Structure formats: structure tokens, C-alpha cells
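Note sheet for the following structure.
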Amino acid sequence: MSQTTPAQSQENEATETYGTASLAGTDLRVKPVGQWRPSYLRALRAGDYDGWAAGVLHEDDVATFVEADATFDEINAFVTAAMESTGEAPGKSGGRSTSSRSTRKR
């Protein structure tokens, strides 16, 4: 059995807990949607993109996001890619889907 070096452990941790999405040609690490707090989504809906980024991005990537000074179109594309990379499509509810079978008694 091989031992994992500290650098490999850090790399494994980074790739296991974050998805990635590209903004202005730079890949940024994003927490899985299931780890986002309601306050992050409120910030996103209110147009507080810097506040949203501080909550959902890896702490080392927040400054890069802010410095990119992206357009609304670029930010919207980034948010969509971030959600998809972490397993959730925008607008997709985590709620139960409707059954294709009728539940009406016959």
C-alpha cells in the first residue's frame, strides 16, 4: 500500500470537494450546490455577486473572481457552469419529480 504525501492529500481534497467552472478563461473552484447556504442564493438573486462568490468559491479564488470584473452575461454563464459542474442544473429542484403513473383509483 502506498502512502499519500501531504501535497497529494491537498490535491485530493481540492478535487473531491469542489467543482470547477471557467470565468474569463480562468478555472475557479466552486463548492457543490448542496453545500450552498440560503444566504448565498439570496446574495445571488439580489445581484451581490461578490458576496455570493465569497460563500461558494474556494477562499483562494474569491479575489480572482472579484478582480475579473466580469459582465453580467459572463457571470450568468459562470454560475450556470458552476452549478452544472457540481451536479445541479440551474432551475432544477431537489424536490420529488412527478410520477408518470397515474395515482387515480380505478
### Cα centroid of segment 20-38 to Cα centroid of segment 39-82, whole Å
8
### Query
What whole-number value in cubic angstrom gives the convex hull volume per residue for the C-alpha atoms of segment 18-61?
69
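All of the numbers you see were taken from the coordinates with simple rules; none came from a lab. What you see is a predicted model, and the numbers here were worked out from it, not measured in a lab.
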